[in-house]
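Since every read-out is calculated from the coordinates, none of them should be taken as a lab result. Only a predicted model underlies this, so the values are computations on that prediction, with no experimental measurement involved. So basically every Cβ, Gly included, is an ideal-geometry build from the backbone, and we count neighbours across all protein chains shown.
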Amino acid sequence: MTPVLRELLVVSLLAGPGCGLAVARGDVFFSANHGRAPMRRPHRYRRPNPDRRRALELLAGSREGCSKAMMRAHGFSIDMLVELVKVGLATTKRERRVAGGRQTDVARVRITEAGRQALAKMSR
């Protein structure tokens, strides 16, 4: 094994899975991620900024949750609401409501138990 090949092999092994590095040796092809696409890291929830905390407080204060329109009226972006749902701090549910004789779909956002626990940690 040549020094260059050895160095490439060491780098690919140290980089770990998902790095996309590969080393060829003769007619055999070694890949650190075994030929698959790079692995995505699981989304970890970071400490919320004041807007996220305010959103969780609003959801915690409402027994039935808040509609998406109500959350938007309070200044929360759809992206932030999606992030809260992705990390498990909130859930969404589609409901059918009758308003003005017409049936409409309403997206409701509710806080989860994990969201309540995160809010309690923030309040300390």
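Give the range 107-124 a look and list any residue that's in contact with a strand residue (DSSP E or B) (Cβ under 9 Å, 6 or more places away or on another chain) and not in a helix (DSSP H, G or I), or say none.
Selection gives A107, R108, V109, R110, I111, T112.
Going through the range 58-79 one residue at a time, which ones are under 22 Å from the mean Cα position of the chain (by Cα), surrounded by fewer than 12 Cβ atoms within 10 Å (Cβ to Cβ) and among the charged types (D, E, K, R)?
D79
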